[in-house]
Amino acid sequence: MSQALEILNALKGIGVIVRVIPPDSLELEPASVIPPDLLSRVRERKPEILEVLARPSMAVQPAKCAHCDGTGECDCPACNLRRVSGPVPCCMCRWEDHRFWLAATRPRECWFCEERRLHGEPGLCPDCEAKMVRQ
């Protein structure tokens, strides 16, 4: 059993995704990056690997994000907060990257000031003007 775990960790280390195809096949993607010696070990220990992957607690690969469909980027309003029109780091599976993106794209003015500026009205809203006086 430990050899199967070693093999799965080695595959994960080189970026290979391992999937079970019922009833007893393995899909290794991308197979082109697997060294020949590791591939022969996979073939040798295939029954053990299938047994390890059959146990949910022993699974090596994380679940695919349902929010962004596993891409890591999303253009839904929950992720982009209607700040941009394109995809941004997913707020569910890449929450740290999303947090940094939020800080980097934080509006410099309140939404009311921004609306005023977009409509050609000069100056700040009364609330922001009052904040500027206090600072």
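Throughout, read-outs are computed from the coordinates displayed, never taken from laboratory work. Source: prediction; values computed, not measured. Every residue, glycine among them, receives a Cβ derived from its backbone with ideal geometry; neighbour counts consider all protein chains shown.
Which residue, L39, L124, L11, tops the fluctuation ranking in a GNM of the chain built on C-alpha contacts under 10 Å?
Result: L124 has the largest fluctuation of those listed.
Could you pull out every residue, at least 5 positions away or on a different chain, whose amide H is within less than 5 Å of the one on I17? Hs are placed 1.01 Å off N in the peptide plane, and Pro or chain starts have none.
Under 5 Å from the amide H of I17: E29.
On the principal axes of its Cα set, how long, how wide and how thick is the stretch 2-58? Give whole Å, largest value first.
Rounded to whole Å, the extents work out to 26, 22, 19 Å.
Give me the one-decimal nm value for the distance between modelled label points at H119 and I21, 7 Å along each residue's Cα-to-Cβ direction.
Taking the simple label geometry, H119 and I21 are separated by 6.0 nm.
Cut-off under 20 Å on the C-alpha distance; same-chain residues fewer than 8 positions from K64 excluded. Which lysines are left, in chain and number order?
Counting by Cα, and skipping residues close in sequence, K64 has these lysines nearby: K12.
Let me have the relative contact order for the chain, percent, based on Cα pairs under 8 Å that are six or more residues apart.
Values: 114 pairs, mean separation 18.3, N = 135.
Answer for the chain is 14 percent.
Among D69, D37, D97, which one shows the highest mean-square fluctuation when the chain is modelled as a Gaussian network with alpha-carbon springs under 10 Å?
D37
Order of I7, I21 from fewest to most other C-beta atoms within 10 Å?
Values: I7 22, I21 8.
In order of increasing Cβ crowding within 10 Å: I21, I7.
Using R₀ = 30 Å, calculate the FRET efficiency as 1/(1 + (r/R₀)^6) where r is the Cβ-Cβ separation of F100 and C128; round to 0.05.
Working: r = 26 Å, r/R0 = 0.85.
For F100 and C128, the calculated efficiency is 0.70.
Pop the C-beta distance of E29 and H67 into the FRET formula with R0 = 25 Å and round what comes out to the nearest 0.05. The partial results should precede the final answer.
Values: r = 22 Å, r/R0 = 0.88.
The pair E29/H67 has a calculated efficiency of 0.70.
Hey, what number do you get for the chain at 222 nm if only DSSP H runs of n ≥ 4 count, each worth -39500 (n - 2.57), divided across all residues, to the nearest 500?
Values: 7 runs with 61 residues, N = 135.
My calculation for the chain gives -12500 deg cm²/dmol from helical runs alone.
Picking from L38, G72, I49, whose Cα lies most toward the positive end of the charge dipole for the chain (charges on Cβ: Lys, Arg +1; Asp, Glu -1)?
Highest projection toward the positive end goes to G72.
First obtain the Kirkwood hydrodynamic radius of the chain from its Cα pairs, then insert it into the Stokes-Einstein equation at 4 °C and 1.567 mPa s, and state the resulting D in µm² per second as a whole number. Could the numbers behind the result be given before it?
Values: Rh = 19.1 Å.
Using the Kirkwood radius from Cα pairs, D works out to 68 µm²/s.
Where a Cα-Cα gap under 20 Å defines reach, which aspartates and glutamates qualify for K131, not counting those fewer than 8 residues away within the same chain?
Answer for K131, where 20 Å is the Cα cut-off: E109, E114, E115, E121, listed by chain and number.
Scan around C74 for amide H atoms under 5 Å from its own, H built in the peptide plane at 1.01 Å from N, and keep only partners 5 or more places away or cross-chain.
V88, C90
Taking only Cα atoms and a 10 Å spring cutoff, compute GNM fluctuations for the chain and point out the largest among R45, R82, R117.
R117
So who's got an amide H within less than 5 Å of the one on C65, skipping anything under 5 residues away but keeping other chains? H placed 1.01 Å off N, in plane.
Long-range HN contacts for C65: G70.
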